[in-house]
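The values are calculated or read from the model by the stated rules, or taken from the named source; none is laboratory data. Keep in mind that this is a model prediction, so the values were computed, not measured. Glycine also receives a Cβ, built like all others from the backbone with ideal geometry; neighbour counts cover every protein chain displayed. Quick note on the areas: whole protein, heavy atoms, side chains included, nothing else; ligands and nucleic acids left out. Shrake-Rupley method; radii C 1.70, N 1.55, O 1.52, S 1.80 Å.
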Amino acid sequence: MRRFASDMSIHRSKYAAVVVGGGPAGITVVGNLLEQKKTPILWVDGKFEAGRVNRSYREVPSNTKTKLFIDFAEAVAPFRKIIDETPSPHAIDYLRKLDQDQGCHLAHAADMLLMLTEGLKRTPGVEIRRGRVTSASIDPAKGWSVHVDQSPEKPSEVISSRLILCTGSSPTDTPLPLEVKGMQSLHLDTALSPSLLSKELSANKEVTVAVIGASHSAILILMNLYNLASTSHSKLHIRWFTRHPLRYAEFMDGWILRDNTGLKGAAAAWARQNLEPEVFDNSPVSKFVEKISYKREHEFETYQQHLPGCQYYVQAIGYMRDPLPTLTQGDSNGAEITPYYNHGDGSFSTGPGEGEGEKIPGLYGAGIAWPERVTDPQGNVEYAVGFWKFMRFVKKVVGQWN
Ligand SMILES: Cc1cc2nc3c(=O)[nH]c(=O)nc-3n(C[C@H](O)[C@H](O)[C@H](O)COP(=O)(O)OP(=O)(O)OC[C@H]3O[C@@H](n4cnc5c(N)ncnc54)[C@H](O)[C@@H]3O)c2cc1C
């Protein structure tokens, strides 16, 4: 049905699902909905360029084995059809040529996602819309009315039985508790890209960069900075602020301890070789990296003492969910809904805590912002993040997304 209002044209259609986000999670969800024949699907993203992994992490070494990217690409029938129909050589052919038990640069994984995206765009049952979902309202009798902003001239509203949030997360960038004259923030995404980092930092001037954190990203950044300091940027110095010993993923009997929180892959190998207390002083890395260990309660004094003299600081302290569309009840003027995620089945409730309140009909989520919660054989609880984990979770729960 098409309706025209005085200030805009509104195109209303009925979909089985609106999928918000074109990153690895959105791709996973579209593939699974197609496999379940839950169509037509409206898929919304600003660019359809595979999310942050393609935009910002192409130069990052993966923390998962190459084989898991291929497992992801072959996990559902619609993806397999895309692989069969894409002329060779294509991104999955390249992935197959790599050592399957080692990591690879995320560029290879991103190219695989771009190939699947192009295939999904051509798949019957999928309609794409470039833009942003800015709001959605739920009427239990009608479903979700979803507002998509494509450009100021062309907003549109659609009706859908399901609204699936694959909206992603971005690096946490909280202000430091003190101001340091002459010191500026270096964005985590820049620091994770050796080519951007080399352009951002002067090769001819004395520059000191403070790296805050001991996460996987922090180690990758230390590696990147060290590689610059020991080659083209000999006047570069690094101060590494860390509050706890490094934690590594450990391969147990059929499972991985700290699978989602520990260091893995190239970052883990480099950290063991250079950063552990027993090797650090004799490692070439210590020529450029000054390690500043401190306890949480001494953070402020530590920063006061050691941040002056740094020209840049980069915080590698985690990721925060990207802003959600405004969700309301009834219509766009109805009461706003705060959704609480159920990490067991991908649904949302009205809260106040997880699993409390009422289930919100037809609202689901997946990806880094909405991961599965897993418990390992030792009882440790983690959130499962990574392409293959998104796929495994969505495959398990998509049948209940009604
Ligand atoms: C340093 C690093 C290394 C990693 N290494 C690996 C690895 O080796 N192996 C692995 O499997 N995983 C790895 N990951 C994890 C993986 O890359 C990320 O978890 C993944 O990018 C998250 O995918 P996503 O689809 O949830 O989010 P994103 O990639 O952030 O995609 C979200 C998309 O949604 C869009 N969007 C958001 N809101 C709206 C809206 N309102 N309307 C329309 N569109 C919207 C955004 O524009 C974006 O395109 C790594 C992550 C990091 C940070």
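For residue 173, the accessible area of its heavy atoms, probed at 1.4 Å with every protein chain present, is near 90 square angstrom. At q = 0.10, 0.11 Å⁻¹ the log10 of I(q)/I(0) for the chain amounts to -0.76, -0.89, computed by Debye summation with a single uniform scatterer per C-alpha, solvent ignored.
Per residue, the convex hull spanned by the Cα atoms of segment 173-317 measures out at 117 cubic angstrom.
Computing FRET efficiency as 1/(1 + (r/R0)^6) for residue 105 and residue 396, where r is the C-beta to C-beta distance and R0 is 30 Å, gives about 0.55. For the chain, modelled as a GNM whose springs connect Cα atoms under 10 angstrom apart, the maximal fluctuation among 364, 15, 319 occurs at 319. For segment 174-194, backbone nitrogen atoms closer than 16 Å to the point 7 Å from residue 205 Cα along Cα-to-C-beta are found at 181-186. Ordering 300, 28, 260 by Cα displacement along the dipole of the chain toward the positive end leaves 28 in first place; charges were set at the Cβ atoms of Lys, Arg (+1) and Asp, Glu (-1).
The Cβ shell under 10 Å around residue 380 holds other residues with a net charge of -2, Lys and Arg each +1, Asp and Glu each -1. A simple spin-label model places pseudo-atoms 7 Å from Cα toward Cβ; at residue 139 and residue 350 they are separated by 1.8 nm. Each Cα pair under 8 Å and six or more residues apart adds its sequence gap; the mean of these over the residue count of segment 173-317 is a relative contact order of 38 percent. Taking all Cα pairs closer than 8 Å and separated by 6 or more residues, the relative contact order of the chain comes to 20 percent. Using a probe radius of 1.4 angstrom, the carbon and sulfur fraction of the accessible surface of the chain is 50%.
Which distance in nm do the two modelled labels at residue 253 and residue 291 give, with both placed 7 Å along the Cα-to-Cβ direction? Distance between the two pseudo-spin positions: 3.3 nm.
Grab the beta carbon distance between residue 176 and residue 383, set R0 = 22 Å, and tell me the FRET efficiency rounded to 0.05. Step by step, r from the Cβ atoms, then E = 0.25.
How much FRET efficiency would the formula 1/(1 + (r/R0)^6) give for residue 127 and residue 282, where r is the Cβ-Cβ distance and R0 is 45 Å, rounded to 0.05? For R0 = 45 Å, the calculated efficiency reads 0.15.
For the pair residue 375 and residue 85, label points projected 7 Å from Cα toward Cβ lie 4.3 nm apart. Where does the Debye-calculated log10 I(q)/I(0) of segment 224-265 sit at q = 0.26, 0.28, 0.35 Å⁻¹, using only Cα point scatterers of equal weight, no solvent? Normalising to I(0) and taking log10 leaves -0.86, -0.90, -1.09. Ligands, DNA and RNA excluded, the heavy atoms of residue 133 present near 10 Å² of accessible surface to a 1.4 Å solvent probe.
Holding the Cα-Cα limit at 21 Å, pick out from 47/81; 67/395; 67/121; 359/396; 47/67 the pairs that are longer than that. Violating the 21 Å Cα-Cα cut-off are 47/81; 67/121; 47/67. Each other residue within a Cβ distance under 12 Å of residue 393 adds +1 if Lys or Arg and -1 if Asp or Glu, for a net charge of +3. Taking every protein chain into account, the accessible area of the chain amounts to 48 square angstrom per residue (probe 1.4 Å).
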